[in-house]
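The values are calculated or read from the model by the stated rules, or taken from the named source; none is laboratory data. This structure is a prediction, so every number in the text was calculated from the model and none was measured. Cβ placement follows ideal geometry from the backbone for every residue including glycine, while neighbour counts extend to all protein chains displayed. The protein model used for the area step is the full one, side chains on, heavy atoms only, and it has no ligands, DNA or RNA in it. Shrake-Rupley method; radii C 1.70, N 1.55, O 1.52, S 1.80 Å.
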Amino acid sequence: MDENLRRVFDQARPSPEQKEAMLRRLLEPERKGKPMRKLKKLTVVAIAAALMVISCAAAVVTGIDQRLLDYFGASPEQAELLFPGAVPVDVTAEDNGATLHVTQVLMDRYNIMIVADFTAPEGTVLDMDEENDGIDRGFGGMEWSMPELLNEAEEAIDLNQSWSWHTEVLDDGDPLDNHLTLLMRMELSEGIQPDWNISGMSLHNNDLVRYDPQLCQYVTVYSGDWSCQFPVTWQDMGQIVRVNQVAGQVDGVDISVTGLYLSPMTLQVKLERAEPVALRSDDAKPGTYIRWISALNVDRVTLTTKDGQTVPLIELGSTGSDQDLDIAFRMEEITSLEQFLGGTLTLRVGDGSVDVPLDGLVPAESVK
C-alpha cells in the first residue's frame with residue numbers, strides 16, 4: 001500500500017460524519033471536498049455572580065470542572081464515578097496578549113479529555129464558526145496539535161497505534177466575544193498501555209484555527225503559541241469482558257467480537273474479520289473495505305443494564321485495518337459499572353446478532 005495512504009489509515013480515526021464524507025468522495029471522485037470539523041456573560045450581573053459561586057463550589061466538592069460535568073449532564077452522585085480518572089490542572093500559557101488556562105484532565109483507557117479557557121484581549125472576536133458542527137477547529141489543525149503523553153523521564157511516549165484528536169467549543173452563550181471554553185479530546189484505538197508509566201502531558205498549541213469549507217483551508221482566528229506541559233497521573237477506571245464470539249457476516253466472511261471495554265463514560269468494541277480485506281489487488285471487490293469498516297454503528301449496538309434499561313450511546317468514531325476494527329462510543333449518561341453486571345451488550349453485524357453477557361467484567365488494569 002502507498003505509504004501516505006497507509007499513514008492515513010493507521011493514524012486517522014474518522015467520526016461517523018467524516019466516514020460518510022469519505023464515502024461520498026469515493027463515490028463521486030470528481031467532487032472537490034475537504035475535511036470538515038460554546039455560559040458566557042449573563043445580562044444580570046447578580047445572577048452571573050451567583051452562578052459562578054455555585055459552579056466553583058461544585059468544582060471544589062467534586063474535584064471535577066463543573067463544565068465537564070455539565071457536558072455529561074452528570075449529577076454529584078454520577079460525578080463520583082469519574083473520580084479515579086479526574087486530574088485537576090492549573091497551568092496557564094500566555095502569548096500575544098491571550099492566555100490559555102488548562103483546568104482539568106479526565107482519562108480512561110481509550111479517552112483523554114482536557115478542559116481549558118482561552119481568553120483574548122477585550123474587544124477581540126473569536127469567531128470559531130460554532131454553528132457549523134462539521135468542521136475541524138482548535139490549535140493548528142488536528143494532526144499538528146496532537147498532544148504527547150510523557151513517561152517518567154518526561155519523554156514523549158510512542159503511541160504506536162491509531163488515534164484521533166478533536167477540539168470542541170463548549171456553549172458559553174456568546175460565540176463572538178473574546179473567550180472560549182475548549183474541550184479537547186484524544187481517542188486511542190488500542191488504549192493507554194499499563195507499561196507506559198504516564199507522568200505528564202505536553203500540548204502543542206500553535207495558532208487558534210478553524211477549517212473554512214468555503215476556502216477549503218484552515219484560517220487563523222488568533223495567532224500565537226500557548227504550548228504547555230503539566231503533570232498527570234493515570235488510573236484506569238474501566239473494566240473489560242473477555243470474549244470471542246461470531247457476531248455476523250459481511251460479504252460472506254465471519255466477523256467476531258474479540259474485546260469489550262467499559263468505563264462509566266466509554267464503550268469500546270473490537271471486531272475481527274476471519275480473513276483480511278483485499279485492499280489493492282485484482283481480488284479486491286468494490287466497496288468491500290467500506291462495508292467492513294461500517295459493519296457496526298450506534299444503530300446496531302444496544303447496551304442494557306441489569307435492570308433492563310438501555311443506555312443511549314454516541315458514536316465517537318472507528319479505526320479499521322484490513323482485519324481489525326475498533327469502534328468507540330460515549331455513554332450519554334455517566335453510568336456505574338455495577339449497573340452492567342447482569343446486563344448485556346447486543347451487537348448486530350450484517351444479518352447476524354450476538355448478545356454478550358456482561359457478568360464477566362474484570363478490572364482493565366489486570367489485563368497486560
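Tallying residues that are more than 23 Å from the chain's Cα centre (by Cα) and modelled with pLDDT of 95 or more within the range 221-242 yields 5. Residues in the range 167-187 that are touching a helix residue (DSSP H, G or I) at 6+ places or on another chain (Cβ under 9 Å) and among the aliphatic types (A, V, I, L, M) were compared, and the one that is most open to solvent (accessible area, probe 1.4 Å) is L170. Here the condition is being surrounded by 15 or more Cβ atoms within 10 Å (Cβ to Cβ), among the polar types (S, T, N, Q) and assigned to a strand (DSSP E or B); of S223, S164, S145, it holds for S164 alone. Within the range 278-312, restricting attention to residues that are modelled with pLDDT under 95 and part of a helix (DSSP H, G or I), the residue that is least open to solvent (accessible area, probe 1.4 Å) is W292.
Sub-8 Å Cβ pairs linking a first residue in the range 312-339 that is on the phi > 0 side of the Ramachandran plot to a second residue that is hydroxyl-bearing (S, T, Y), at least 6 apart or interchain, are G317/S15; G317/S164, ordered by first then second residue.
Entry remark, the range 90-125: residues being farther than 16 Å from M184 by Cβ and assigned to a loop (DSSP other than H, G, I, E, B) number 9 in total.
The combined condition, being under 23 Å from R109 (Cα atoms) and either open to solvent by 60 Å² or more (accessible area, probe 1.4 Å) or of a type in the set (D, E) (or both), is fulfilled by P231. Quick one: which of E333, E315 is of a type in the set (D, E, K, R), within 21 Å of H166 (Cα to Cα), open to solvent by 10 Å² or more (accessible area, probe 1.4 Å) and in a loop (DSSP other than H, G, I, E, B)? None of the other options fit; the residue is E333.
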